[in-house]
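Notes follow once the structure below has been shown.
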Amino acid sequence: MEKVGILAFTDRGKLMASKVAGRLSADCELEIFDHKGKAKDYLKENFNQKDTFIFICAAGIAVRMIAPLIKSKDVDPAVIVMDEFGQYVIPILSGHLGGANEAGERIASVIGATLVLTTATDINEKFAVDVWSKYAGCKIIDVSCIKTVSAAILRGEKVGFESGFPFEGKVPEELTLDAANLGICVSLSDKLKPFPQTFNMVPKIVTMGIGCRKNTSVEQFEKFVLGVLEENKVSIHAIEKIASIDIKKYEKCILAFSDKYQIPFITYSAEELNAAKGDFEVSDFVKSITGVDNICERSASLGSGNGRRILSKTSGGGVTCALAMKDWKCKF
């Protein structure tokens, strides 16, 4: 559930904060800053913990308070400013990737306020690559592409688009499937360069099935896995989850990798793995130890919803790895 922090600094502002909270409480987890501490301390402690902050005050106050905490548009939370009468709702940070524009529209709707958008692609009703990437489930490898692509589109230039996946829906008129100097490439790799200036976008759709010897070192595990991904031209950003058998739930090397790269780690019982459908490489030795004839391929299959296997069992350094990709399309 979305986590929202509301800050207000006057009596009228606090009344508006309560009104906003009452209208939004069913959709998110809300917290109103209560002045028992300093607002700057509250923001410092919570800036990376909440999805959205709503300031009911002058825009300048909000800007000065968040300025030291801003990092990058792909990690910053949404920040919205409102006046204490609830007349205007203005997204001022992370309008697209952070969802501030969308959240602002929702707030304006429930309290009857006017939404003020300043994002150029929105007010010109043009394709926004960061909005599309968010809803498509793609990772933008170089966030500078957002500014570059948007600027080209606003100048009336066509931006190239190439995808290793099928399309669904109508390709936006701002994009072209023909040759272009600047283009977007959607694939499992983050290194393909089909355009002179290419911006890579990677859908997070691959499950990495893993098996390993007990107490495999963290360094050895990471080196092997990253090597497998590089050799098979699969970006680490394409990995949606890591999957294995439940007896590996507390395996340090897997947990460390999961934590470092912020990839969820899930496990299945032997019964669940044995029920996986497909053709798998059989290991009698592994079955004698775990009760399952192949952990990595079966885990990848289950984790991807019985998706297409793009890498069969690969072994090295006491680790086995397989990759499976769920069905995905470029949807417009």
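The values are calculated or read from the model by the stated rules, or taken from the named source; none is laboratory data. Since this is a predicted model, take the numbers as computed values, not measurements. Cβ: placed from backbone, ideal geometry, glycine included. Neighbour counts: every protein chain shown. With ligands, DNA and RNA removed, areas are computed over all heavy atoms of the protein, side chains included. Shrake-Rupley method; radii C 1.70, N 1.55, O 1.52, S 1.80 Å.
Select from the stretch 31-54 the residues that are open to solvent by 50 Å² or more (accessible area, probe 1.4 Å) and either in a helix (DSSP H, G or I) or within 20 Å of LEU93 (Cα to Cα) (or both) and list them in ascending order.
In the first step, residues of the stretch 31-54 are kept if they are open to solvent by 50 Å² or more (accessible area, probe 1.4 Å); the result is 31-32, 34-36, 38, 40-41, 44-45, 48-49, 51.
Matches in the stretch 31-54: GLU31, ILE32, LYS40, ASP41, LYS44, GLU45, ASN48, GLN49, ASP51.
For the stretch 85-102, name all the residues that are within 19 Å of LYS3 (Cβ to Cβ), open to solvent by 20 Å² or more (accessible area, probe 1.4 Å) and assigned to a strand (DSSP E or B). Correct list: ILE92, LEU93. For the stretch 304-325, filtering for residues that are surrounded by fewer than 16 Cβ atoms within 10 Å (Cβ to Cβ) and charged (D, E, K, R) leaves 1. Considering the conditions (1) at pLDDT 95 or above; (2) open to solvent by 80 Å² or more (accessible area, probe 1.4 Å); (3) part of a helix (DSSP H, G or I), PHE257 is excluded by exactly one of them, (2).
Output the residue which, of all residues in the stretch 185-218 that are surrounded by fewer than 24 Cβ atoms within 10 Å (Cβ to Cβ) and of a type in the set (Ser, Thr, Tyr), is farthest from LYS248 (Cα to Cα). Checking each candidate, the answer is THR198. For the stretch 59-82, the set of residues classified as under 20 Å from PHE9 (Cα atoms), touching a strand residue (DSSP E or B) at 6+ places or on another chain (Cβ under 8 Å) and surrounded by fewer than 18 Cβ atoms within 10 Å (Cβ to Cβ) consists of ALA59, ILE61, VAL63, listed by residue number. For the stretch 221-247, name all the residues that are charged (D, E, K, R), in a helix (DSSP H, G or I) and in contact with a helix residue (DSSP H, G or I) (Cβ under 6 Å, 6 or more places away or on another chain). Of everything in the stretch 221-247, just one residue is charged (D, E, K, R), in a helix (DSSP H, G or I) and in contact with a helix residue (DSSP H, G or I) (Cβ under 6 Å, 6 or more places away or on another chain), namely GLU222. Number of residues in the stretch 260-279 that are β-branched (Val, Ile, Thr) and either outside any strand (DSSP E or B) or in contact with a Gly (Cβ under 6 Å, 6 or more places away or on another chain) (or both): the value is 1.
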